[in-house]
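What follows is a short report on a single structure.
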Amino acid sequence: MPETINSHELARRFIAERPSRSAAWSDEIERRHGFDPRKTLTEISGDDAPDSEEAADYREVNALRRVPLDRWTPADILLVLTYDLGGRPCLWLALDCLAGNPLIEAGLQPCDLLVEAARSVSKLVATVDPETAAAKEAMLGVLDLTDSAIWQAFDDRSTELGATQADAALAKNLLVGGWDDDEIAAWWPIVDLLESAAEARALVKPPSVLGIAEAEMLYARYRPGRGIEMVPQGDIATPELRIRIDSGSTSSFRRVTTFDIVLDGARPGVRLRHRAQRPIENWRGIAFADIEIAMGFAESRYGVSRTAWREV
């Protein structure tokens, strides 16, 4: 039988372990956002949560509701925000934290708090909450800071690699264009940051979709000892690959994949966004000068026929 965790006891332990922020910080948060972070969520909302036999992290959430907000760590903010139980105080704490460090790794990976805060803002946008406009403006400001921080991280990575100016310029052009290329393998941590930033921006300010298409294609094969391997559409006709596929030592499967053509807000033109396992194709896409060029690329690379496209 699951053991009930005493959330009050856990809260007391958290309070003893976590130092409080400065009085000046608390005063500024109260002035800007209208709640006193020296209080707990329970005190601010006027209600309390019972002790819980749920998953361990949910017990922590219940305990954190009884811990003054000025003692919350970035990991605490991310946890409560993920469970959507912290309300507007938790969101504003997240935005305040991100304004100081938009790439912060609050839980398991860099930019995890950024994406979760963006998801919370997107939920707020769907309501009639009077703070929607202010939260969205603050989030967009954080995303601008994120872009600057990512390119600073790119410069730092280039210096660390000892890359020439020409190599760094080539890598940056490929990253901006959304290309998955061997030339940028050494900059892969930057790809992850760009991907998270693009996901967050798409949540807060969804891109305008101009066209959508679906194509059924041989997408992957499974090889014992190697796992699942992606197969580009253009490679299916390769004799050596056909022999492996037909030999029985490999199993393959078909599935429907979806492609979007979206307006590119960062520069003139459009992006082809492929909803694949590679997230870089899902959120950022690959940049093209116009729709016709994007459709041509989809046809040659993925086998998407021109007749498959429809306007949205």
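The residues on offer are L98, L103, and the sole one that is at pLDDT 95 or above, crowded, with 18+ Cβ neighbours inside 10 Å and assigned to a helix (DSSP H, G or I) is L98. Remark: pairs (first residue in the stretch 41-70, more than 13 Å from P89 (Cβ to Cβ) and modelled with pLDDT of 70 or more; second residue outside any loop (DSSP other than H, G, I, E, B) and polar (S, T, N, Q); Cβ separation under 7 Å; 6+ apart in sequence or on different chains) = Y58/S52; R59/S7; R59/S52; N62/S7; N62/S52; A63/S7; R66/S7; R66/T42. Is it true that some residue in the stretch 121-133 is under 27 Å from D47 (Cβ atoms), small (G, A, S) and at pLDDT 95 or above? Checking the stretch 121-133: not a single residue is under 27 Å from D47 (Cβ atoms), small (G, A, S) and at pLDDT 95 or above.
Across the stretch 263-281, the qualifying residues are those that are out of contact with any helix residue (DSSP H, G or I) (no Cβ under 9 Å at 6 or more places or on another chain) and farther than 15 Å from L174 by Cβ, and the one among them that is modelled with the highest pLDDT is L263.
Assess whether A63 counts as being closer than 12 Å to V204 by Cβ and part of a helix (DSSP H, G or I). Criteria not met by A63.
Taking the numbered list (1) of a type in the set (D, E, K, R); (2) more than 27 Å from D192 (Cα to Cα); (3) modelled with pLDDT of 60 or more in turn, R284 passes all entries but (2).
Would you confirm, using the coordinates I've provided, whether I150 is of a type in the set (V, I, T) and not in a helix (DSSP H, G or I)? Working first, answer last.
Values: of a type in the set (V, I, T): yes; not in a helix (DSSP H, G or I): no.
Spelling it out, it is not the case that I150 is of a type in the set (V, I, T) and not in a helix (DSSP H, G or I).
Count of the stretch 151-174 residues, restricted to those that are under 18 Å from A287 (Cα atoms) and either touching an Asp or Glu at 6+ places or on another chain (Cβ under 9 Å) or exposed (fewer than 13 other Cβ atoms within 10 Å of the Cβ) (or both), is 5. Against the definition (assigned to a helix (DSSP H, G or I), under 30 Å from V312 (Cβ atoms) and within 23 Å of the chain's Cα centre (by Cα)), how does D144 come out, yes or no? It is true that D144 is assigned to a helix (DSSP H, G or I), under 30 Å from V312 (Cβ atoms) and within 23 Å of the chain's Cα centre (by Cα). Each residue in the stretch 16-32 was checked for being farther than 14 Å from I77 by Cβ and crowded, with 16+ Cβ neighbours inside 10 Å, and 1 of them qualify.
Kindly establish whether L170 is over 22 Å from I293 (Cα atoms) and not aromatic (F, W, Y). Don't jump to the end; show me each part of the working.
Values: over 22 Å from I293 (Cα atoms): no; not aromatic (F, W, Y): yes.
Spelling it out, it is not the case that L170 is over 22 Å from I293 (Cα atoms) and not aromatic (F, W, Y).
Of the residues making up the stretch 291-312, those that are β-branched (V, I, T) and either closer than 21 Å to P207 by Cα or surrounded by 11 or more Cβ atoms within 10 Å (Cβ to Cβ) (or both) are I291, I293, V304, V312. Of the listed requirements (1) in a helix (DSSP H, G or I); (2) within 16 Å of the chain's Cα centre (by Cα); (3) surrounded by fewer than 18 Cβ atoms within 10 Å (Cβ to Cβ); (4) not polar (S, T, N, Q), A75 misses just one: (2).
Can you tell me which residues in the stretch 266-312 are of a type outside the set (D, E) and part of a strand (DSSP E or B)? Explain how you work it out, then say what you get.
Taking the stretch 266-312 as the starting set, the residues that turn out to be of a type outside the set (D, E) are 266-280, 282-289, 291, 293-298, 300-310, 312.
Listed by number, the residues that qualify are V270, R271, L272, R273, H274, I286, A287, F288, R310.
Residue-level analysis places F259 among those that are aromatic (F, W, Y), under 17 Å from P206 (Cα atoms), surrounded by 12 or more Cβ atoms within 10 Å (Cβ to Cβ) and at pLDDT 90 or above.
The values are calculated or read from the model by the stated rules, or taken from the named source; none is laboratory data. Just so we're clear, the structure is a prediction, and the values are computed from it rather than from any experiment. As a convention, Cβ positions derive from the backbone with ideal geometry for all residues, glycine included, and neighbour counts pool all protein chains shown.
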